[in-house]
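The structure appears below as C-alpha cells.
The values are calculated or read from the model by the stated rules, or taken from the named source; none is laboratory data. These numbers were taken from a predicted model, which means no experiment stands behind them. Neighbour counts are summed over all protein chains in view; Cβ atoms, including those assigned to glycine, are modelled from backbone coordinates with ideal geometry. Keep in mind that these areas ignore ligands, DNA and RNA; they rest on the heavy atoms of the full protein, side chains included. Shrake-Rupley method; radii C 1.70, N 1.55, O 1.52, S 1.80 Å.
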Amino acid sequence: MRGSCLCGAIAYEIDGPVGQIRHCHCQTCRKAQGAAFSSNASIPREHFRWIHGQELLSAYESSPGKNRYFCSKCGSHIVAIRDSQPNVIVRVPTLDDDPKPTSYAHIWTSHDLPWLDFSDDIPKYPEFAPTK
C-alpha cells in the first residue's frame with residue numbers, strides 16, 4: 001500500500017495491514033491538520049518505508065519526543081513518530097490506496113469544537129481509548 005503528500009514529492013509504502021483508525025480531536029492534531037480531527041493509524045516501523053522524497057521532510061516536535069513530519073514543499077502532514085514507540089502514526093488521508101480498515105474510536109473528544117456535530121456509531125472517549 002502506498003501513500004504520498006499533496007504535491008507527490010514524498011511517497012511511502014506500507015507492507016502490512018493498516019490497523020484500526022483513531023480519529024483524534026485533540027487541539028494539536030486539529031491545528032496540525034487544519035481540520036476538526038485527524039484520522040490516524042498505527043503502523044509497526046518495520047512495515048513502513050519511504051519510497052522517495054525523504055530529504056524533503058520537515059519535522060516539528062509538537063510534544064516531548066513526538067515529531068510530526070510534513071512535506072516542506074506542500075505542507076502535507078504525513079506521519080508522526082514518538083521516539084519511544086515502535087510504531088509510525090500514519091495520517092490515513094495521505095494513503096493513495098484504500099486501506100479497508102475499520103474506525104476504532106474518536107479520541108480526545110474533550111477538545112471538540114463547539115460547532116462540531118457528528119453522530120456516527122464509533123465509540124467516543126474524552127482522552128485516550130482503551131488499548132485493544
Exercise. When you count, for each residue, the other Cβ atoms within 10 Å and take the mean per peptide, how do 32-38, 13-19, 86-92 rank with the highest first?
Worked result: 86-92, 32-38, 13-19
Seminar exercise, completed: Judged on accessible area alone, 1.4 Å probe, highest first, Tyr69, Tyr60 line up as Tyr60, Tyr69
For this session: Mind checking the per residue accessible area of the range 1-84 for me, 1.4 Å probe, whole number of Å²?
Result: 50
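Relative contact order for the range 1-60 using alpha-carbon pairs under 8 Å, separation at least 6, rounded to a whole percent?
Values: 79 pairs, mean separation 23.8, N = 60.
40 percent.
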Exercise. Given a cut-off of under 8 Å on Cα pairs at least six residues apart, what relative contact order in percent is computed for the range 58-102?
Worked result: 24
Exercise. So what is Rg over Rh here for the range 35-101, counting just Cα atoms and using Kirkwood for Rh?
Worked result: 0.94
